[in-house]
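Read the structure below first, then the notes.
The values are calculated or read from the model by the stated rules, or taken from the named source; none is laboratory data. These numbers were taken from a predicted model, which means no experiment stands behind them. With ideal geometry, Cβ positions are generated from the backbone for all residues, glycine too; neighbour counts draw on all protein chains shown.
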Amino acid sequence: MLRLAFVLVAKRGDPLAGDELFYSNQAFELTRGKWYLWPNTLLQSFVGHPTAAHPPLTSTMLAPVAGLTGAAPLALRLAMVLLGVVVVLLIGRLALEIAGPRASTAAAGLAAVAAPLVLSDGSVMSETPSIVVLLGATLVALRFRRDPSVRLAVALGALVGLMMLGRSEFVILAPIVMAVAILGAWRAGRATIALSALTVGAALVLPGAWVFRNAAVFAEPTFTSSQDGFTLIGSYCDDVWDGPGVGLWTLGCLREFDLDNDGTDDLTELLGDTDPYGALDESQVAAAYRERAVEYAKDHRGDLPRVASFRVLRMLGWYHPSDTLQYGTGEGRQPWLGWIAIVEMTLLLPLAAVGAVTLYRRRQRTVLGLLLAQMALAIAMAAIVYGLWRFRSTFDVSVLVLAGVGLATLAERSRLG
C-alpha cells in the first residue's frame, strides 16, 4: 500500500526523467520489432542504432506493459510497484530460509516500509527488476545446496544469467552465487559433475547470446553494457576529484574531448543537440572515454584513496547528502524521501550487525558471506565510479535481511530474559 500510495500521490503526473526515458522508450520500441536500438531520447546521434548502453533485462521486462499502455509513465511505475512487492516477499523468504519465521516477519516488515526500496520502486529504472532476479537466484542457490536437481540447476543458471543482464556489476556477484550453490552441494556429497556443468552452462546461455549480438553490431568488444566509458569519464576529471563536487559525476568532463575532430568539444556539441561522435559507434566512444579515464586515474593515483572515500560516503548519505539527493531528481527521485532513507538505513546498521553476529554464531557463514559480498559490491562500485544513491541497492537489501535477523534475535533474548 505504501508503494502504491507513493506512486499515485507523490509521483502522479511526474514525467519520466533521465535513464527512465531510455528504459521506457526502448521497452515500447521492442514491442514494435525494434530490437535493442537506441530509443528516441537523450543522445540523438545514436538514435536508431544498435545499443548496449544499458543491459537488456529492464526494458525487456517492461516491454509488455509499455506495449499495452503506450509506455504510459503511471503504468510503468505501477509495474515497478508490483516488482517491489515481490522484492519484499523475497526478502522475507530469504530471512525465513536462514533464520526462521521471526526473522522472516521482521525482515519483510522492514522491507515493506524501507524508504530506499520505495524510492526505487517508484522509478522506472533497473534496480528493482535486478534485485528481484538477485534474490530469486540466491534462494534457488540455497535450495540447490541442500538438494541439487536438474530442475534447480537450470533455474539457478537461468537466474544467474539474468542477473548479468540486469546490472553490469552483477557480473561480479554471479560467480559468487554459483559458487555458494555448487560448492555447498559438493561438500554435502550431493552434487555431480553433470549437474555442475548444467548449472554453469545454463548461466552462460543468455549472456552469451547478448555478447554474440554485441560482437556482431559493435566495433569494440562489449560485454553486458557499453555504459562503462560514459560512466567512468564523468567520474575521472578535475571537476569531481576536488572541490564541492568531489565524489560525484559530471558531464563537464566531456569538455576535454573532441572525438569527431571538428574543433568543438563533445560537451558543447552534446548540449547543443549536435552529433559529437561522427561515424563512431557507441562502443568506440565508450572505449575512448574508458581509456582516458584510466589514464587520468593513473596520473592521479595518489588522490584515488581520498576520492574513493568521498564517493563511498556520498553513496551512504554521510557526506553532503543534499548533493546526492539533488542529483537523483534528474532520475525522478524525491529528495524528501531520500532524506528519510538515509536516516532509516543508518539506524538499521546496528541491527544488521547483530544479525551478522547471529548468523556467524549459528554457522550460517556461507549465507552471511554472500550478504556481505553484496554490501561490499555496492561499496566497491561507489569507490570506483561515483557516490550515487541508487548504486547501494544490494547494500540495502543485505542490511534489511540482516536487520530482520538482528531484530528477531533481540526479541528472542528479551522474551527469554
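If only one of ALA71, ALA107 is part of a helix (DSSP H, G or I) and in contact with a helix residue (DSSP H, G or I) (Cβ under 7 Å, 6 or more places away or on another chain), which one is it?
Within the list ALA71, ALA107, the selection yields ALA107.
Can you list residue pairs whose Cβ atoms sit under 6 Å apart, with the first residue in the stretch 9-24 being buried (at least 20 other Cβ atoms within 10 Å of the Cβ) and the second being among the aliphatic types (A, V, I, L, M) and in a helix (DSSP H, G or I)? Count only pairs 6 or more apart in sequence or on different chains.
What qualifies is SER24/LEU76.
Anything in the stretch 80-104 that is over 16 Å from THR138 (Cβ atoms) and without any contact (Cβ under 8 Å) to a residue 24 or more places away in the chain? List them, or say none.
Passing the criteria: LEU82, PRO101.
Would you call ALA63 touching a residue at least 12 places away in the same chain (Cβ under 8 Å), small (Gly, Ala, Ser) and either farther than 24 Å from ARG213 by Cα or part of a helix (DSSP H, G or I) (or both)?
yes
Of the residues LEU30, LEU74, LEU37, LEU2, which single one is more than 21 Å from LEU388 (Cβ to Cβ) and surrounded by 21 or more Cβ atoms within 10 Å (Cβ to Cβ)?
After applying the criteria, what remains is LEU30.
Could you figure out which of (1) touching a residue at least 40 places away in the same chain (Cβ under 8 Å); (2) within 27 Å of the chain's Cα centre (by Cα) isn't true of TYR277?
(2)
Which helices (runs of 4 or more DSSP H) sit wholly inside the stretch 116-202 and have at least 2 residues that are closer than 30 Å to MET345 by Cβ and β-branched (Val, Ile, Thr)?
Passing ranges, in order: 127-146, 170-187.
Within the stretch 260-286, work out how many residues are touching a helix residue (DSSP H, G or I) at 6+ places or on another chain (Cβ under 6 Å), part of a loop (DSSP other than H, G, I, E, B) and either modelled with pLDDT of 85 or more or buried (at least 18 other Cβ atoms within 10 Å of the Cβ) (or both).
Final tally of qualifying residues: 3.
Can you name the number of the only condition in (1) buried (at least 22 other Cβ atoms within 10 Å of the Cβ); (2) at pLDDT below 95; (3) part of a helix (DSSP H, G or I) that MET80 fails?
Result: MET80 fails condition (2) only.
Per-residue answers, yes or no, for (1) of a type in the set (Lys, Arg); (2) buried (at least 17 other Cβ atoms within 10 Å of the Cβ); (3) within 23 Å of the chain's Cα centre (by Cα); (4) outside any helix (DSSP H, G or I):
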| position | (1), (2), (3), (4) |
| --- | --- |
| ALA288 | no, yes, no, no |
| ARG292 | yes, yes, no, no |
| GLU295 | no, no, no, no |
| ASP303 | no, no, no, no |
| ARG306 | yes, no, no, no |
| VAL312 | no, yes, yes, no |
| ASP323 | no, no, yes, no |
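Restricting to the stretch 246-257, and then to whatever is closer than 17 Å to GLY387 by Cβ and surrounded by 17 or more Cβ atoms within 10 Å (Cβ to Cβ), can you tell me which residue is farthest from the chain's Cα centre (by Cα)?
CYS253
Do you know which residues across the stretch 203-226 are assigned to a loop (DSSP other than H, G, I, E, B) and either free of Cβ contacts under 8 Å to residues at least 60 places away in the same chain or surrounded by 18 or more Cβ atoms within 10 Å (Cβ to Cβ) (or both)?
Those that are assigned to a loop (DSSP other than H, G, I, E, B) and either free of Cβ contacts under 8 Å to residues at least 60 places away in the same chain or surrounded by 18 or more Cβ atoms within 10 Å (Cβ to Cβ) (or both): PHE218, GLU220, THR222, PHE223, THR224, SER225, SER226.
Does ARG255 qualify as being basic (Lys, Arg) and within 22 Å of SER225 (Cβ to Cβ)?
no
Within the stretch 17-58, how many residues turn out to be aliphatic (A, V, I, L, M) and either at pLDDT below 90 or in contact with an Asp or Glu (Cβ under 8 Å, 6 or more places away or on another chain) (or both)?
Count: 7.
Given the residues PRO116, PRO175, which is the only one that is within 23 Å of HIS54 (Cβ to Cβ) and surrounded by fewer than 21 Cβ atoms within 10 Å (Cβ to Cβ)?
Just one listed residue meets the conditions, PRO175.
Would you tally the residues in the stretch 228-245 being crowded, with 20+ Cβ neighbours inside 10 Å and either aliphatic (A, V, I, L, M) or without any contact (Cβ under 8 Å) to a residue 12 or more places away in the chain (or both)?
Final tally of qualifying residues: 3.
From ALA382, ALA356, which residue is among the small types (Gly, Ala, Ser), crowded, with 24+ Cβ neighbours inside 10 Å, touching a helix residue (DSSP H, G or I) at 6+ places or on another chain (Cβ under 7 Å) and assigned to a helix (DSSP H, G or I)?
ALA382
Going by what's in this entry, would THR51 be described as crowded, with 22+ Cβ neighbours inside 10 Å, farther than 29 Å from LEU142 by Cα and of a type in the set (Ser, Thr, Tyr)?
Criteria met by THR51.
Please find, within the stretch 203-239, the residue that is farthest from TRP318 (Cα to Cα) out of those that are of a type in the set (A, V, I, L, M) and over 22 Å from the mean Cα position of the chain (by Cα).
Ranking the qualifying residues of the stretch 203-239, first place goes to ALA216.
Which residue out of ALA378, ALA383 is small (Gly, Ala, Ser), within 13 Å of the chain's Cα centre (by Cα) and over 18 Å from LEU94 (Cα atoms)?
ALA378
Of all the residues that make up the stretch 330-375, how many are touching a residue at least 24 places away in the same chain (Cβ under 8 Å) and under 30 Å from LEU21 (Cα atoms)?
14
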